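Contents: one structure, followed by commentary.
Computed from the coordinates by the stated procedures, all read-outs in this text should not be read as laboratory data. The shown structure was predicted, so the numbers you read here are calculated from the model rather than taken from an experiment. Counting neighbours? That spans all protein chains shown, and the Cβs are built from the backbone with ideal geometry, glycine included.
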Amino acid sequence: MSFDMPDYVIVGAGSAGSVLASRLSENRRITVLLLEAGRASHPLSRVPISFGLFIDHPGVNWRYSSVPEENTANRHIPVPRGKLLGGSSAINGLVFVRGQALDYDSWAQMGNRGWSFSDVLPLFQRMETFEGRGDDHRGRHGPLRVTEEADQNPLYDALFAAGREIGIPQNPDYNGASQEGICKTQTTISRGRRMSAARCYLDPARGRENLQIVTDAVVQRVLMEGRRAVGVVCRYPGGPVTIRAGREVIIAAGGIASPQLLELSGIGRPEVLRTHGIEVQHPLDGVGENLRDHLNARLQWSLRIGGVSYNERMRGLGKLREAVRYITNRGGFFSLPSAPLLAFLKSRQGLEQPDIQCHLVPYSVRSAKRRELGTEPGFTTACYQLRPESLGSVHIASSDHRDQPAIKFNFLSDPLDRRTMIDGFRLLRRLVHTKALDGLRGEERSPGETIQSDDEILDWIRSHAETAYHPIGTCRMGPRGGRTVVDERLRVHGIDGLRVADASIMPTMVSGNTNAAAMMIGEKAAELIHEDHGSR
Ligand SMILES: Cc1cc2nc3c(=O)[nH]c(=O)nc-3n(C[C@H](O)[C@H](O)[C@H](O)COP(=O)(O)OP(=O)(O)OC[C@H]3O[C@@H](n4cnc5c(N)ncnc54)[C@H](O)[C@@H]3O)c2cc1C
């Protein structure tokens, strides 16, 4: 590493960290060192369908799993997280959702000035070049290319018709004025290629002399001098190194690793730190608390007619045909996001905004973990509650940074979450049992018609639902006290020279997949830091 003492050391080159490093280093007078634990890239990362391959891939994925909990039938639930430049944006399902205005307005309402929807909308706009239709809510000149899914399939037409039949409108832009409806997915895919945060923000900045990007660099702890963070200790292939920061250390290691790193640095709940023999540098009760994630229930159906699902199209020589299709026109199976169609729905009457998100997928899989296609033609529908109330935690399980932290989701502990998941499940069945799908719908394969009562549905969800890979909230932003970790300027309470900037700072869940919001947090962090140091 060539910088003696960079102004800023950023830990983690994921969705937020990549954006932050790129925006900070736009000012050539300041130096930025970006440290990433994972590798630089993977040859298949640019191919969208790689998310299925990477979901359990040791080379690019931290492959955490949750501790068994009674609420979810004592299962270890897989918690994939990206471990390469771009972080989770380089392995994710490429679905692009900003959330609802209400999400950000409620963050501001909690005392976080500068985070209302009208405050963050310009950041979302600055971030993207949206290549689809859309009104002035959208950005047209940003580094991140966002497109509308182009795949065509009679199943999609039938699902739109099914929506109309039960009063669900078709929405041309769920990232525009209103989220509600059934829609073609907007994706971080352009011309058949994945648009990760690394691709869109770091690649164009690589030539800058004031930005150094170092991969295979695992930060073990933040270096503290009294109440000031002065650098990091890092494991690097050449041996351990200590790097001092001239101005600040910014942790952007994501919803699982950021609280882990704070605790390994002696910042957190004293009883947790002492249990693992870590000296308390700064007691902070919120670290690792307030974990939220989307619990995803996946229903699978067989299809009556041939030629529609990718289960058939990918059989035998079909795989080769799809590969040729991808190479020649960047279309077909290999170009798909995790779900080509989305629906944002209200689980009951009287709600102001949707509280359920559904993913609609033109194939079925054998298991969520392996993502292998099932042999028979089928399709998948999945739903989660947009804003879950249940709170879990992430805490270190040992003082060794190589050990996984203990992830406790505590899913379904809140009655509203149980009710909403049951209602969402029933809503999916209602959508699929419309006349519009009569000619297509085969039998319900999973869970199957035997599951009918609320108790049966809930039991099935407890024993089968997985996360949608959106852990947030573990370094919660908010005014001091109340189990918060950072203030509205993302500074760790009570410590100088240390911020957290990633999905872990979200006080509550955004209404949708979390990549767009995490990248927006990277934009916001850069703006705040430039303001605080007068470097804009
Ligand atoms: C399989 C999967 C599918 C998903 N699908 C979607 C989707 O379709 N749409 C969507 O919007 N969201 C999706 N998400 C979620 C979304 O990608 C994340 O919310 C977002 O990327 C989080 O950004 P982040 O910056 O908080 O963390 P990350 O992007 O996870 O970045 C954290 C980075 O820090 C690095 N790091 C961690 N510890 C250390 C350390 N000690 N030292 C150095 N570096 C470290 C990691 O290797 C990683 O690169 C998905 C996530 C996954 C895992």
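With n ≥ 4 as the cut-off for DSSP H runs, can you work out [θ] at 222 nm for the chain, using -39500 (n - 2.57) per run divided by the number of residues, rounded to the nearest 500? Can you show the working numbers first?
Values: 12 runs with 127 residues, N = 536.
Counting only the DSSP helices, I get -7000 deg cm²/dmol.
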#### Entry: Ranked list, fewest to most other Cβ atoms within 10 Å of each Cβ, for 359, 464, 433
433, 464, 359
### Task
Of the options 197, 514, 214, report the single residue whose Cα projects farthest towards the positive end of the charge dipole of the chain (beta-carbon charges: Lys, Arg +1; Asp, Glu -1).
214
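Longest exposed-loop-site-free stretch of the chain, with GluC sites (Glu not before Pro), DSSP loop and at most 16 other Cβ within 10 Å?
On the way: sites that count: 26, 131, 209, 279, 352, 372, 389, 449.
Counting only loop sites that pass the neighbour cut-off, the longest clear stretch is 27-130.
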### Using alpha-carbon coordinates, inclination of helix 15-24 to the longest axis of the chain, degrees
50 degrees
#### Entry: Formal net charge of residues neighbouring residue 535 (Cβ-Cβ distance under 13 Å; K, R +1; D, E -1)
-1
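For a footprinting-style exposure proxy, rank 435, 346, 524 by other Cβ within 10 Å, fewest first.
Working: 435 10, 346 16, 524 24.
The order, fewest Cβ neighbours first, is 435, 346, 524.
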### Task
Find how many whole Å separate the alpha carbon centroid of the range 99-137 from the alpha carbon centroid of the range 10-82.
24 Å
### lysines with Cα under 30 Å of residue 319, excluding same-chain neighbours fewer than 8 positions away
83, 184, 369
### the range 478-517 - charge dipole about Cα centre, Lys and Arg +1 at Cβ, Asp and Glu -1, debye rounded to 20
80 debye
### Message
For residue 190, what residues show an amide H to amide H distance below 5 Å, using hydrogens built from the backbone and excluding near sequence neighbours?
### Response
195
### Message
Test of understanding: ordering 506, 110 by Cβ neighbours within 10 Å, fewest first, what list do you get?
### Response
110, 506
### Task
Mind checking the full-extension length gain between residue 329 and residue 164? Use 0.36 nm per residue of separation minus the Cα-Cα distance, one decimal, nm.
56.2 nm
### Query
In Å, the Kirkwood hydrodynamic radius of the chain over pairs of distinct alpha carbons?
23.4 Å
### Query
Given charges of +1 on the Cβ of Lys and Arg and -1 on the Cβ of Asp and Glu, with all other atoms neutral, how large is the dipole of the range 120-183 about its Cα centre, in debye to the nearest 20?
240 debye
## Note on the structure
Charge dipole of the range 12-97 built from unit charges on the beta carbon (Lys, Arg +1; Asp, Glu -1), centred at mean Cα; most positive-end Cα among 77, 34, 54 is 34
